[in-house]
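The block underneath contains the structure these notes are about, expressed in structure tokens.
The values are calculated or read from the model by the stated rules, or taken from the named source; none is laboratory data. Bear in mind the structure is a predicted one, so any value in this text is a computation, not a measurement. All Cβ positions, glycine included, derive from the backbone under ideal geometry; neighbour counts span all protein chains shown. Accessible surface is based on the protein model in full, side chains and every heavy atom, while ligands, DNA and RNA are left aside. Shrake-Rupley method; radii C 1.70, N 1.55, O 1.52, S 1.80 Å.
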Amino acid sequence: MTTDTTAGSWKRTHSCGELRPEDAGQIVTLNGWVAKRRDHGNLFFVDLRDRYGITQITIDPENDGFQSEMLDLAGSLGAEDVLSVRGKVVLRTADLINPNRATGAIEIFPEHLEILSRSATPPFIVEDDSDTSDEIKLKYRHLDLRRRPILEGLELRSRFTHALRDSLIQQDFTEVETPILTKATPEGARDYLVPSRVHHGKFYALPQSPQVFKQILMVGGLDKYFQVARCFRDEDLRADRQPEFTQLDMEMSFVDEEDVFSVLERIVSHAFQKTLGYEIPTPFRRIPYEEAMNRYGSDKPDLRFGMELQDVGALAAESGFKVFTGALDQGGCVKALCVSKGASLSRKQIDGHTEFVKEYGAKGLAWLKVGEEGLTGPVAKFFPEAAGEQLTNLVGAQAGDLLLFGADTQAIVHRSLGELRNRLAQDFDLVDSKEFRLCWITEFPLFDWSEERQRWEPSHHPFTAPADWDADFEKEPGKQKSRAYDLVMNGWELGSGSIRIHRQDV
RNA sequence: GGGGACGUAGCUCAAUUUGGUUAGAGUACCGGACUGUCGAUCCGGUGGUUGUGGGUUCGAGUCCCAUCGUCCUCGCCA
């Protein structure tokens, strides 16, 4: 091997993902990590990987540019060694093309090989489809980052935030950074605290959101502000929740919901278009909170499929089935899910769903199967002939469908059937994972009852404007509607906001 | 904070109805063979205080207690 002492001789001319048949004949230099080595004795294949892809380096004594030292070097290569290769791009013959790889029609015949850095044996194999535990992958994050799924996640996020910024700047917003070390303000979650060196015994709080500062910006007259802001909440984790997260925070003065919606619809559809090439039709559908609860049992409905909750209270009242009539007498409700082709479920599977809804406070799950000959199942006797027909007509059921009933307080029926609806959609494969359905949930309740503190509390934040400025808030606080709204996609809450109070008396 | 599950080779997992000799496999790693592989193949080998500490027992990876760690779940999350 010639030792080329020219400074930067190993500097790359191409990435490991870009060479194509048209490049054949060129002398190129590639830098990358050894993803795989295949050793056939006097013939070696090395898969060289970087962020952009993988290119095969072929070391064969019969190739142009081959030097005998290359065999030793190739034989000594281990996974994740950092390598520089200069060589010729060569077209592969048809039978050797790897169709699974973008660079699969070419390979490199090296004339110069240099190991830039040796790697210790990696603690896990760097491969896209890895079954290594998250714990180990996080411990060696630098290796995990070399995997496509992780890299693609970071790249998607980068392109997405870029598109958000792009759209906001175009719409005359100003990006402002606000302080991280601040005074604690009463918000919903626990604050993270940082001890102060200057003021002994005192602490800074990390912001749960840039709440206070954007108020100052608005009062200061900066009427359109945004920030890609870090937020900190000292609460326990969930699968979709981290104590430290980033949100797009924005604020506008002198606006109403229509302005907010149209700005955000523009931003979001722009970002989806730019990053995924996905067109989201605007305006987004708007669903008042109450309607969302009634129809989907959730304030973050997944709109990719139907199977809505249907109120069968009127028929249930006549059924004589105590579970139903009892719930109605207590002021609750009876609702049904019509599961298309659900009659194929076994008793055991239905029992599984029963256990599932019990987690959400339901006492059980009544069910009926719709057959050609009418209804079957333990509850069928309460819906004889005409009543049964009325029921199937009401919910639009067809032969082969399954009806699942929730009967309890409204809150429990909605919660349990809402969760069950999502679970059934998974089981019956009703969701297209490539689809994105966005909507606004509007008219949230202004106050929630806090069992813990035995009082009504703002369900959003204390500055949320009421739907009706002049309402009597002391009377029936639970029925007051607010001008708070959520942006929901595929069953996930993407964001929330509200029109703020400007009247001092309110 | 409550409840549950798990912890065995570098990694992913086995090890029979509370227990029975030297704790296995795949992969990685090391050595050997091999000229067209792309999960290369074939042969051989190294590798373990079974998370840690205590207990029960003639005998513990297995049972009990404690502890540490990880995950799930409920609470919490304007």
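Structural remarks
- Some residue of region A:450-470 being of a type outside the set (D, E, K, R), in contact (Cβ under 8 Å) with a residue 12 or more places away in the chain and exposed (fewer than 14 other Cβ atoms within 10 Å of the Cβ): yes
- Enumeration of residues in region A:304-356 that are within 20 Å of A:Pro384 (Cβ to Cβ), among the polar types (S, T, N, Q) and open to solvent by 20 Å² or more (accessible area, probe 1.4 Å): A:Thr325
- Residue match in region A:334-349 (condition: touching an Asp or Glu at 6+ places or on another chain (Cβ under 6 Å), modelled with pLDDT of 90 or more and within 16 Å of A:Asn294 (Cα to Cα)): yes
- All positions within region A:187-212 that are closer than 15 Å to A:Pro462 by Cα and open to solvent by 20 Å² or more (accessible area, probe 1.4 Å): A:Glu187, A:Gly188, A:Ala189, A:Gln211, A:Val212
- Test result for A:Leu154, touching a helix residue (DSSP H, G or I) at 6+ places or on another chain (Cβ under 9 Å), farther than 23 Å from A:Phe463 by Cβ and free of Cβ contacts under 8 Å to residues at least 12 places away in the same chain: no
- Screening region A:35-47 for residues that are aliphatic (A, V, I, L, M) and either near RNA strand B (Cβ under 6 Å from one of its atoms) or free of Cβ contacts under 8 Å to residues at least 40 places away in the same chain (or both) and picking the one that is least open to solvent (accessible area, probe 1.4 Å) gives A:Val46.
- Among the residues listed as A:Ala407, A:Ala411, the single one being in a strand (DSSP E or B), under 30 Å from A:Lys322 (Cα atoms), open to solvent by 20 Å² or more (accessible area, probe 1.4 Å) and not β-branched (Val, Ile, Thr): A:Ala407
- Single condition A:His502 does not satisfy, out of (1) assigned to a loop (DSSP other than H, G, I, E, B); (2) surrounded by 16 or more Cβ atoms within 10 Å (Cβ to Cβ): (2)
- When the test is whether a residue is buried (at least 18 other Cβ atoms within 10 Å of the Cβ) and assigned to a strand (DSSP E or B), A:Val89 passes it.
- Every residue from region A:56-81 that is open to solvent by less than 30 Å² (accessible area, probe 1.4 Å) and more than 8 Å from RNA strand B (Cβ to nearest atom): A:Ile57, A:Ile59, A:Met70, A:Leu73, A:Ala74, A:Leu77, A:Glu80, A:Asp81
- Take the conditions (1) surrounded by 13 or more Cβ atoms within 10 Å (Cβ to Cβ); (2) within 18 Å of A:Arg38 (Cα to Cα); (3) modelled with pLDDT under 95; A:Asn100 misses just one of them, which is (1).
- Among residues of region A:437-449, those that are closer than 25 Å to A:Val260 by Cβ and surrounded by fewer than 17 Cβ atoms within 10 Å (Cβ to Cβ), counted: 1
- A:Gln480 meets each of the listed conditions (1) out of contact with any helix residue (DSSP H, G or I) (no Cβ under 6 Å at 6 or more places or on another chain); (2) open to solvent by less than 80 Å² (accessible area, probe 1.4 Å); (3) within 11 Å of RNA strand B (Cβ to nearest atom); (4) not aliphatic (A, V, I, L, M) apart from (3).
- Residue check, A:Pro123 open to solvent by 60 Å² or more (accessible area, probe 1.4 Å), closer than 30 Å to A:Phe45 by Cα and near RNA strand B (Cβ under 10 Å from one of its atoms): yes
- Of the set (1) more than 7 Å from RNA strand B (Cβ to nearest atom); (2) surrounded by 11 or more Cβ atoms within 10 Å (Cβ to Cβ); (3) of a type outside the set (A, V, I, L, M), all apply to A:Thr132 but (1).
- Residues in region A:357-373 that are under 25 Å from A:Gln390 (Cβ atoms) and of a type in the set (Asp, Glu) were compared, and the one that is nearest to the chain's Cα centre (by Cα) is A:Glu372.
- Unmet criterion (only one of (1) more than 16 Å from A:Leu403 (Cα to Cα); (2) surrounded by fewer than 21 Cβ atoms within 10 Å (Cβ to Cβ)) for A:Leu264: (2)
- Restricting region A:230-245 to residues that are free of Cβ contacts under 8 Å to residues at least 40 places away in the same chain and either within 11 Å of RNA strand B (Cβ to nearest atom) or closer than 27 Å to A:Gly220 by Cα (or both), the residue that is surrounded by the most Cβ atoms within 10 Å (Cβ to Cβ): A:Cys231
Residue by residue, here is whether (1) open to solvent by less than 20 Å² (accessible area, probe 1.4 Å); (2) in contact with a helix residue (DSSP H, G or I) (Cβ under 6 Å, 6 or more places away or on another chain); (3) at negative phi holds:
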position	(1), (2), (3)
A:Lys363	no, no, yes
A:Gly374	no, yes, no
A:Leu420	yes, yes, yes
A:Asp427	no, no, yes
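- Looking only at region A:139-184, residues that are in a helix (DSSP H, G or I), over 26 Å from A:Gly17 (Cα atoms) and open to solvent by 70 Å² or more (accessible area, probe 1.4 Å) come to 4 in all.
- Residue in region A:184-206 that is among the polar types (S, T, N, Q) and touching a residue at least 40 places away in the same chain (Cβ under 8 Å) present: no
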